[in-house]
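Before any comments, here is the structure.
Every number in this text was worked out from the coordinates using simple rules, so none of it is lab data. No experiment lies behind these values; they were computed from the predicted model shown. Counting neighbours? That spans all protein chains shown, and the Cβs are built from the backbone with ideal geometry, glycine included.
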């Protein structure tokens, strides 16, 4: 071959990212620990706590319904945050460097990570709905949809926080860090039971996206739509998380 | 040190051009101003010991790290643009494979990211992985893992293939298999740059060798040119009572060592040294004149240049 023929041929169109997303999902589903943390754990918790109390009422709401909403917040949040654990695992084998010397753009990389996190979260949501129904939760189609819609919006900042953690922390500390952060957000957000319904602590927890995530799940039950404040909190957390994540990702090119 | 391009590089259009590259990490000056031009189609080894700056250079070449000073052009483009074109394939030094996928799935995933990939089956054949293609990446031997990483580097069908110490953790058999796969690919006339600290590999697989030490290029030329330029030969002889001072003062001698009665004299001109040696030491016996290995050439080149010698002990040797 002569030098003249080594000139680059014209681009043969954009490579597709569907294959990449497909394998991303396959990998997530084959990762047993990840699936247990994201899917099984919230389900087990739901059956353990809501099962024996299925006929109880809390604030005029059927307990199973109430608890399903709480676990919905916790489970879907755990699912998107746990995407960070998979990123940390990828980094530990140098994949973050390998992927950067491919034409995959940063934008597509993030989109793929968010999409796979959401896919698992949706699965978690569907499983919890099925579990709820099996314990007698009944809602109108509109309420199911409304609840799902709000929850998906409220998950945006968490899916990005997960990516940031994945690019920041070594794989060894991901387990405790994720468990801790998920639990903290869940408890303060009221996923495991009502917290601080009045007073200063209530104002504090209202600036957390997990509070509105749980409220989103409760909204269909209580009939309360999201106030403007919820949209603002989610938007501010999203913007902040994106900025921090872009910065972390930008300097994460080192050999680990 | 002279840059002596091998014949191929003179016909080059836009190849690879690293100009006055500098990179420091805190106090450590990992790369201290290097210039490299590589023509399309060349196979170039960057040879040097650990800490020579090879990986840092490769990271800058690939756009994984930004030089403090200087520029990198790949086929007339910025590294990022060349990467986005799918023109670059690389096997990085550190790293393993992402788990939860089979070899075939991983290669397919990688192929999907490039605009003009090689067919997956062809890649598996070239790398000798067809028979284990359905095995999960977490269940491979070291040699198989390296060949999968190599497969990921070539699946793009890149114009430039960069390999950073591709055989560093492999046993002899693994190394042999790796280079067999590499030969299959290199036949296609692509530009290949690989870093190594195995002299035999540089010698056997590269058209051209760039010798790096302590962040600088100490020599650049074909393997034979480097050997010729250094011209080092070693005289080994049994010389009872000789002193290293006297021996290293011989015409044509560069340095000398004594191991018991055995003298080892490293020479720029072994003929002159031998002529002077024999009258001076009539008792000399068991005389051997040995050609230099690349290792010797390397030691000579790096130790003779005080600008790159930091350790005073080494400088005085």
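As I understand it, the value is the acute angle between the Cα axis of helix A:83-92 and the longest principal axis of the Cα atoms of chain A; what does it come to in degrees, rounded to 10?
Long axis of A:83-92 versus the principal axis of chain A: about 30 degrees.
Could you tell me which of rounded, prolate or oblate describes the stretch B:32-96, using a ≥ b ≥ c as the square roots of the eigenvalues of the alpha-carbon gyration tensor, with rounded for a/c under 1.5 and, failing that, prolate when a/b is larger than b/c and oblate otherwise?
Judged from the Cα gyration tensor, the stretch B:32-96 comes out rounded (a/c under 1.5).
Which whole number in µm²/s is D for the stretch B:1-157 by Stokes-Einstein, with the Kirkwood Rh taken over Cα pairs at 37 °C and 0.692 mPa s?
190 µm²/s
Per the Kirkwood treatment, what hydrodynamic radius in Å, one decimal, follows for chain B from the mean inverse distance over all distinct Cα pairs?
Value: 21.5 Å, from the Cα pair sum.
If you take each beta carbon of peptide B:111-118 and count the beta carbons of other chains within 10 angstrom, what is the mean?
6
Using per-residue counts of other Cβ atoms within 10 Å, averaged over each peptide, order A:138-145, A:92-99 from highest down.
Highest mean packing first, the order is A:92-99, A:138-145.
Counting only other chains, and only Cβ atoms inside 10 Å, what mean value do you get across the residues of B:55-68?
Averaged over the peptide's residues, the number is 2.
Grab the DSSP H runs of the protein assembly as shown that are 4 residues or longer, score each as -39,500 (n - 2.57), total them, divide by all residues and round the 222 nm result to the nearest 500 deg cm²/dmol.
So the helix-based figure for the protein assembly as shown works out to -15000 deg cm²/dmol.
Which percent, to the nearest 5, of DSSP beta bridges fully inside the protein assembly as shown are antiparallel?
65 percent
By average Cβ neighbour count within 10 Å, what is the ranking of A:197-205, A:119-127 from highest down?
Listed from highest to lowest mean packing, they are A:119-127, A:197-205.
Mind checking the mean number of beta-carbon atoms from other chains within 10 Å of the Cβ atoms in A:91-98?
Partner-chain Cβ atoms within 10 Å, mean over residues of A:91-98: 6.
Taking every pair of alpha-carbon atoms in the stretch A:19-251, give the share separated by more than 28 Å as a whole percent.
Every Cα pair in the stretch A:19-251 considered, those over 28 Å come to 29 percent.
Using alpha carbons only, how many degrees (0 to 90, rounded to 10) separate the axis of helix B:270-280 from the longest principal axis of chain B?
Taking Cα atoms only, the helix is inclined about 30 degrees.
Please figure out what share of the DSSP beta bridges in chain B is antiparallel and state it in percent, rounded to the nearest 5.
65 percent
What angle, in degrees between 0 and 90 and rounded to the nearest 10, separates the Cα long axis of helix A:209-222 from the longest principal axis of the Cα atoms of chain A?
50 degrees
Remind me, what semi-axes does the protein assembly as shown give for its equivalent ellipsoid, largest first in whole Å, using sqrt of 5 times each Cα gyration tensor eigenvalue?
63, 24, 21
So if I take the centroid of the Cα atoms in the stretch A:225-241 and the same for the stretch B:67-117, what is the distance between those two points in Å?
Result: 38 Å between the Cα centres.
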